[in-house]
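The values are calculated or read from the model by the stated rules, or taken from the named source; none is laboratory data. Computed from a prediction, not measured in an experiment: that's the story for all the values here. Reconstructed Cβ throughout: ideal geometry from the backbone, glycine too, with neighbour counts over all protein chains shown. Heads up: the accessible areas ignore ligands, DNA and RNA and are worked out on the full protein's heavy atoms, side chains in. Shrake-Rupley method; radii C 1.70, N 1.55, O 1.52, S 1.80 Å.
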Amino acid sequence: MLVVTPNLVLPEDELTETFVRASGPGGQNVNKVSTAVQLRFDAAQSRVLPPAVIDRLLALAGSRATGDGVIVIDARSHRSQERNRADARERLAELIRQALHVPRKRRPTKPTLGSKQRRVTAKKHRGTIKEGRGRPTLD
């Protein structure tokens, strides 16, 4: 089980881990041991996440989400399989924690009367400065 928050736990049957060979650090082991982890979580078919959270999660995942709603997290930064596995699980949990946060609605506001007047005054002042830059007129 993957504990996301004290109230939310993902069951193991919703997570699929695949181990592949990783490039990078590992010396001779890199050609023999499959240390990289591909963690797959089918968010669209999840039984524990509400639909609103699933929508936000897929939006946050971006290119890590497939068209079918499966989130794929690739972890290959560590030399050991166990550390890569823990890293992938923590990254998925953090992504879900971000999706659980409901963003506040933006309330459109109107500019105040004073700010409108200051803007117009500044524009007029700037215009008079620019007007004075022209050639002097002969009267």
- Checking Leu60, Leu15, Leu113 against a Gaussian network model of the chain (alpha-carbon springs below 10 Å), the top fluctuating residue turns out to be Leu113
- Query: When the scattering of the range 1-133 is computed by the Debye formula from its Cα atoms alone, each counted once and equally, what is log10 I(q)/I(0) at q = 0.22 Å⁻¹?
  - Reply: -1.23
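What percent do you get for the relative contact order of the chain when only Cα pairs under 8 Å and 6+ apart count?
On the way: 156 pairs, mean separation 29.6, N = 139.
Contact order relative to length: 21 percent.
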- Task: Please name whichever of Leu2, Ser23, Thr137 sits farthest to the positive end of the charge dipole of the chain, dipole taken about the Cα centre and charges placed at Cβ: Lys and Arg +1, Asp and Glu -1.
- Result: Thr137
- Item | lysines with Cα under 28 Å of Lys105, excluding same-chain neighbours fewer than 8 positions away | Lys116
- Percent of alpha carbon pairs in the range 54-105 separated by more than 12 Å? 66
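Tell me the trypsin sites (Lys or Arg not before Pro) within the range 1-102 that lie in a loop according to DSSP and have at most 12 other beta-carbon atoms within 10 Å. Walk me through the numbers before you get to the answer.
Numbers: sites: Arg21, Lys32, Arg40, Arg47, Arg56, Arg64, Arg76, Arg79, Arg83, Arg85, Arg89, Arg91, Arg97; in loops: Arg21, Lys32, Arg47, Arg76, Arg79.
Those that pass, being in a loop and sparsely packed, are Lys32, Arg47.
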- Note on the structure: Highest GNM mean-square fluctuation among Ala122, Ala61, Ala75, for the chain with Cα springs under 10 Å, belongs to Ala122
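Could you size up the charge dipole of the range 13-96 around its Cα centre, putting +1 on the beta carbon of Lys and Arg and -1 on that of Asp and Glu, and report it in debye to the nearest 20? Write down the numbers at each step before the final one.
Values: 12 positive and 11 negative charges, 79 e Å.
Roughly 380 debye, rounded to the nearest 20.
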- What's the carbon and sulfur percent of the chain's accessible surface, probe 1.4 angstrom, rounded to a whole number? 53
- Message: I'd like to know which of Gln38, Leu113, Leu95 lies farthest towards the positive end of the charge dipole of the chain, counting +1 on Cβ of Lys and Arg and -1 on Cβ of Asp and Glu.
- Response: Leu113
- Message: With every protein chain kept in place and ligands, DNA and RNA left out, what is the accessible area per residue of the range 1-96? Probe 1.4 Å, answer in Å².
- Response: 57
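What does the helix-only formula give at 222 nm for the chain: each DSSP H stretch with n ≥ 4 adding -39500 (n - 2.57), the total divided by the residues, and the result rounded to the nearest 500 deg cm²/dmol?
-12000 deg cm²/dmol
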- Message: I need the phi-derived Karplus couplings for the range 79-95: 6.51 cos²θ - 1.76 cosθ + 1.60, θ = phi - 60°, integer Hz, Gly and Pro marked x.
- Response: 7, 9, 5, 5, 5, 5, 5, 5, 5, 5, 5, 5, 5, 5, 4, 5, 4
